[in-house]
Every structure is written in structure tokens, then in C-alpha cells.
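Reading through the C-alpha cells given below for one structure.
The values are calculated or read from the model by the stated rules, or taken from the named source; none is laboratory data. None of the values given here were measured: they were computed from a predicted structure. Here the Cβ positions follow ideal geometry from the backbone for every residue, glycine too, while neighbour counts run over all protein chains shown.
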Number of protein chains: 2
Amino acid sequence: MSTYKAINLVRHLKGKPGPELFEVVEKTVPEPGDGEFLVKQAFMSMDPAMMGWMTGDTDSYIPPVELGTVMRSSGVGEVVASRHADFAVGDQVTGMFGWQEMALTDGKGINKVDKKIPPEMALAVFALPGLTATQGLFGCGHPKSGETLVVSGAAGSVGSIVGQLAKAEGLRVIGVVGSQEKADWIINELGFDGAVNYKTDDLNAKLDELVPNGIDVYFENTGGPIQHCVFDRMNAHGRIVVCGMIADYTAETPRPGPSWMRIIKKRLTIQGFTMPDHMHKAQELQAKLAPYVQNGDIKYRTHVLDGLESAMDGLNLFLSGGNKGKLMVKI
Amino acid sequence: MSTYKAINLVRHLKGKPGPELFEVVEKTVPEPGDGEFLVKQAFMSMDPAMMGWMTGDTDSYIPPVELGTVMRSSGVGEVVASRHADFAVGDQVTGMFGWQEMALTDGKGINKVDKKIPPEMALAVFALPGLTATQGLFGCGHPKSGETLVVSGAAGSVGSIVGQLAKAEGLRVIGVVGSQEKADWIINELGFDGAVNYKTDDLNAKLDELVPNGIDVYFENTGGPIQHCVFDRMNAHGRIVVCGMIADYTAETPRPGPSWMRIIKKRLTIQGFTMPDHMHKAQELQAKLAPYVQNGDIKYRTHVLDGLESAMDGLNLFLSGGNKGKLMVKI
């Protein structure tokens, strides 16, 4: 094949994402230069954070995607041509390959993944979601056996791993989800101790029932009204990990947060974090995560969209909560 | 003297503090038992936190003052009778002696202070304010030379020391105050780099002028609208130390805080802290603070009320901002 398809962002996101924000282009497959290699992407990861990258906001943790350039995303693929000493044809690799069938790279930020690991698992566990969960939970959440953790977006790619790691560490784990099906999944399949359905439950009544002794760690993936209900139940010396605010990414005016009064009263620590600050620790984090996977502690499910172009509408699944499992696009 | 005066809290604080919340009682001077000693209090410290202790809120960092018991406060005094091995008659001591002329104690939480240190300085620098400033700034704020720090309540007992310590560490320091007189004092006498008058300045315009490159450390003593203006200017990896929220202590409904979105975008850390968690480190903190005092880095001024009863109205000075310097009561 001498050409490949790529998708550029051509308009900033306002409101809902859709095909009108993108253009599909045909490009010539490049020859790797010295120290470069070419990756044929098998699966692209779809992540809520991508919506933040599409707004044109220059005041965030990484620069926005520039209009007219390939939409940013992580993915997994195979090296198909190489003039790089460390990467050989046939290697399975993960990295920020973007919305395109082929990617030329110098290897910076690219990680090799054992070929025995299926590409879906490489994306769902050992790439962004698993690294984010591991860094956020252990690096900021400092979980201790016997404590109670609440995680929002609990059936999501990050939240589901956070909850399972915390269960393995001996915590009581409550997940916040948006459907009965997801509630059943995290309780029956993942072993969570309880679930709050933020769409149908009386949030305060349900939390009173599920966490009568308060909350020690809150792993925040969504924002929204649940944030205040959880915050009001944080125990002394509680830790809050702010990893995502999907409910507010496309809001004109972000909702206010809780009063800081409780931060003093309970001596809380609230910490924001994003993976780009920690990607240099990717291998260390993968090593931390691996034993949990080997012990069978980490289950995952995937929601696979078919074909590069399906990405353009796919992000809406995060806003509707319609994705069932780690969202990815098969190319 | 065979009797002494004490003031009990008899009603919980709602709205403004005043004499109707208290009763003055006459008590018999006790004889120290084995392992006890008697302190004649010279000065009582008046601190904004006291209002929090008076609300009857059982959900805070220390239990509320029980109705019918002596109002809680720290103070400095002299040992006048002792059957304790470590404390001798004539020792100058600081501790939580409460609103009373005499206090019997077993020495727990009591610190000796060199008699060469005037009692006003012992209270204004080496007791609660200085320890709070030192623990909060270094333990949570992690100041680095060249960074910018904003402190609210900057002319207050804690804020003035926070700012001076940060200046000594090589930071650019901006203080938030409530009068021109206080602004002049922190700039001309304490060496702050600038001041925001939250009562008269256009907060956003003034901050744009004073911190064009954003804020790395925010030391929060007050709450109020300035909180949001400062928050919106926090730099990446900024630290926020939440030490006091005086503007909200007596509010029916605490004001909402800022959206957590920026916590992610800027990977902020927000940490609440109160000194009772750290009082076991009092001597270590005093040792950390002493060289700054010896170098002349720490100036202070006192606002002295006369006589035990003056405490009952004195707390209002915090709400009006009318105190000029560390507020204390001379007994």
C-alpha cells in the first residue's frame, strides 16, 4: 500500500463532537529515515481526555491539537519497517500514534509490549488507562487496607482498574456508574462492594447506605453532582485524586466545586494529576501493574468500533455513557 | 489570692460573637497535685480559629468547646507553684490555658519558652501563629526561591509570618489585606512585594498587575472572593495551603469553591491543615523558626486588649478586620 488514511481536526470542539470537526485525508506512506520506524496501527484508544485536547484551550496540561493536524490519540500496532536500533519489524508497540493507519516515529514515548499480550489488553490495561490508574491510585491516593474508596466513572477504562487495584489492596470499594448494567458488572464481575447509579439513585441516601463510616479516598473521573455528595463524606486526612472531569469538559461554565471549609476541618489533600507528567515512568508503572494482572485481579472489557472513520462519532459515547468497556477503534 | 476569674462559653456562636455567649465565674485557686503545676497567665492569644471552636460543630478537626466550660485559647504565663519534675516556679510557658487568670496543668502540650523572650513575642511568634506559619509553609507549601506566593490575611498573625518566611526563602510575595494601612505595613515594614486590598481593589486587575506570571503557592487564611481570583491564576504544579476560612466561619451556607477543572489542568495540590495535628512537633518547628527570628527576618506587631473580660467582644475585630497586629489580651 502506498497511501494510508488519516483524520485531521479542523474545528475546535464546542458542545458535542461529530464528523463536522474533522477531515479524512489520504497520505503517502513514508520511508523511515535513520533512527525512525513505521508503525501499522491495529487499534486506536478512545479516551475522555481527548475532548479536552480538542477545545483549543492553550491553558491546559498539554497543548491543544492544532487545527489541520492529525487528531491525537494513543494506540497499539506493529512495526512494519525500521531503521531504529531498538525497534525491529514485528515488535508490538504502544504510543501516541494519532487517528491514522500508519505512523512514522523516532521512538520517543513509544513502549514495546510483549507480543503474547493481545493488542486489546495492551490498550485497555498496559497503556494509558492502566498507567493512569496505577499512578493516580498509588502516587496520589495512598490507599491503605481497611479504608473506603469511592471512584467515579467506575465502569470506565481508568475507574474499573482503580477499583480493582484498591480491592486487591484490601479496601472497601464503591463505584459510581450511569446504568444498572454497569453497576451489575462492577459488583458481580469486578468484585466492587457497591455501586451508585448517578442517573437514578438518590445520591445522598445511597451513599449514606453504602459508606456509613465515610470515605478515605475519592478517585474523581467525572465531576458532576456526585462530587459534592462524596466530598461531604470525606474522612479526616482523606485524599482526593482528581483525574478527570468529563461532565465539565464541554460545559460553557464549569460547575463550582465544594467549599474549602471541609478541606480544613478534615485536613484533606486534593491532588490533580495527568499522565503526560508521568509518562517517563511508564515502564516502572507497567511493572507495578503486572503482578495484579498475573494474579487475575484485573478484568477488563472492550467496546470496539470498526474502522478509522468510526472515531469521529465515537467520542459521543463518553457523553452519553453508552460505551460498555474500554472504547477503542479497530483499524 | 484565693480566687481567680474564668470565662465559660454558655451559648454556641451564630453570627457575631459577643458577651451574651459567655459567663464570667469566680473560682478557687487550686493546689497542684503530684505531677501538676499552676500557671498564672500573663497574655491570652486571640485567634480566628476560636470562632470555629465556638459553633458546636462536632464534625471538625477538634471537638467544639463544651457549653459551660472555660473558653479555649492559647496563652503565655509563669509557673507560680509546681509539683512537676520538669517545670519550676518562675518558668515561662505557653499552652492552651483558656480564658482564665490561672490554669492547673499536668504539662501535656505545654512548652517552656526562654525567659529572655518577651511574653508578647512568645505568643505572636513562637506559639500558635509562628508554628502554624512554619508548618503550613514548609510542610505543605514547599516554597522554592524565585516562585511567587500569595497569602491572604497577610497582615494577620499567621499570614504576616508566612510572607516573611517566604521572602527570606527568596520568593516573590504578595499579601491580601483589608486596609491601606495594612497594605503599607506589609510592604514597607515587612518587605512584601505587593498588596491587594480586597475591600477596595478590582481584584482581577490588581492581580493581573502584581502576578503577571501566575502564582505558585497560595496560603489561604480567609476564603472570600479573592480565593477564586487567586485560584484562576495558579501555575502548573502549584500548591495551595488551606489554613483558614475566616470569611466563612460564621456563614450560614459556606460559599462554593472553584471548579476542580483547573486542579487537573494545572496538576494542583490543595492541602488542608490545622496545628493540632502537628503540636507534637512544636519544638522542632520552633527550632526551624528561631534562625529567621535571630536574623531579624520576622517582624511582628501586637494589638493588646486590656483585661480578661475584653476577650468577649475582642473576636469581632477579626470579622471587621479592625485588629492591627497579633490580637491578645493582657490579664
Practice problem: For A:F97, indicate whether it is within 20 Å of the chain's Cα centre (by Cα) and either modelled with pLDDT under 95 or closer than 24 Å to A:P276 by Cα (or both). | Solution: yes
Practice problem: Could you check B:S145 against (1) out of contact with any strand residue (DSSP E or B) (no Cβ under 8 Å at 6 or more places or on another chain); (2) part of a helix (DSSP H, G or I) and say which number it fails? | Solution: (2)
Quiz item: Conditions: (1) within 14 Å of chain A (Cβ to nearest Cβ); (2) more than 22 Å from B:M44 (Cβ to Cβ). B:A287 meets all but one. Number of the miss?
Solution: (1)
Quiz prompt | Yes/no for B:L308 being assigned by TED's automatic domain parsing to the domain that holds B:E101 and crowded, with 19+ Cβ neighbours inside 10 Å | solution = yes
Exercise. Would you confirm whether any residue within region B:269-278 is surrounded by 24 or more Cβ atoms within 10 Å (Cβ to Cβ) and in contact with a Gly (Cβ under 8 Å, 6 or more places away or on another chain)?
Key: no
Quiz item: Looking at (1) crowded, with 19+ Cβ neighbours inside 10 Å; (2) modelled with pLDDT under 95, which is the one condition that is false for A:P118?
Solution: (1)
Quiz item: Which condition breaks for B:V151 when tested against (1) farther than 24 Å from B:M328 by Cβ; (2) touching a helix residue (DSSP H, G or I) at 6+ places or on another chain (Cβ under 9 Å); (3) outside any helix (DSSP H, G or I)?
Solution: (1)
Exercise. Being on the phi < 0 side of the Ramachandran plot, surrounded by fewer than 23 Cβ atoms within 10 Å (Cβ to Cβ) and within 23 Å of the chain's Cα centre (by Cα) narrows it down to one of B:P212, B:P225, so name that one.
Key: B:P225
Quiz item: Looking at A:T274, A:T269, which one is within 10 Å of chain B (Cβ to nearest Cβ) and within 21 Å of the chain's Cα centre (by Cα)?
Solution: A:T274
Quiz prompt | Complete set of residues in region B:136-162 that are polar (S, T, N, Q) and surrounded by fewer than 21 Cβ atoms within 10 Å (Cβ to Cβ) | solution = B:S145
Quiz item: Does region B:48-69 include one or more residues that are in a loop (DSSP other than H, G, I, E, B), more than 14 Å from every other protein chain (Cβ to nearest Cβ), touching a Phe, Trp or Tyr at 6+ places or on another chain (Cβ under 6 Å) and crowded, with 19+ Cβ neighbours inside 10 Å?
Solution: yes
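So that you can scan it fast, the table gives a plain yes or no per residue for (1) free of Cβ contacts under 8 Å to residues at least 12 places away in the same chain; (2) in the same structural domain as B:D232 (by TED's automatic domain parsing); (3) of a type outside the set (V, I, T):
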| residue | (1), (2), (3) |
| --- | --- |
| B:S160 | no, yes, yes |
| B:I174 | no, yes, no |
| B:G178 | no, yes, yes |
| B:W185 | no, yes, yes |
| B:N188 | yes, yes, yes |
| B:D193 | no, yes, yes |
| B:L203 | no, yes, yes |
| B:G214 | no, yes, yes |
Quiz prompt | Subset of region A:270-307 (residues that are in a strand (DSSP E or B) and free of Cβ contacts under 8 Å to residues at least 40 places away in the same chain) | solution = A:I270, A:G272, A:H303, A:D306
Quiz prompt | Qualifying positions in region B:135-152 - in contact with a Phe, Trp or Tyr (Cβ under 9 Å, 6 or more places away or on another chain) and either modelled with pLDDT under 95 or among the hydroxyl-bearing types (S, T, Y) (or both) | solution = B:S152
Quiz item: Just wondering, is there one or more residues in region A:20-29 that are assigned to a loop (DSSP other than H, G, I, E, B) and either under 20 Å from the mean Cα position of the chain (by Cα) or more than 28 Å from A:T132 (Cα to Cα) (or both)?
Solution: yes
Practice problem: Sort through B:A133, B:A103, B:A81, B:A124 and tell me the only one that's surrounded by fewer than 22 Cβ atoms within 10 Å (Cβ to Cβ) and outside any loop (DSSP other than H, G, I, E, B). | Solution: B:A81
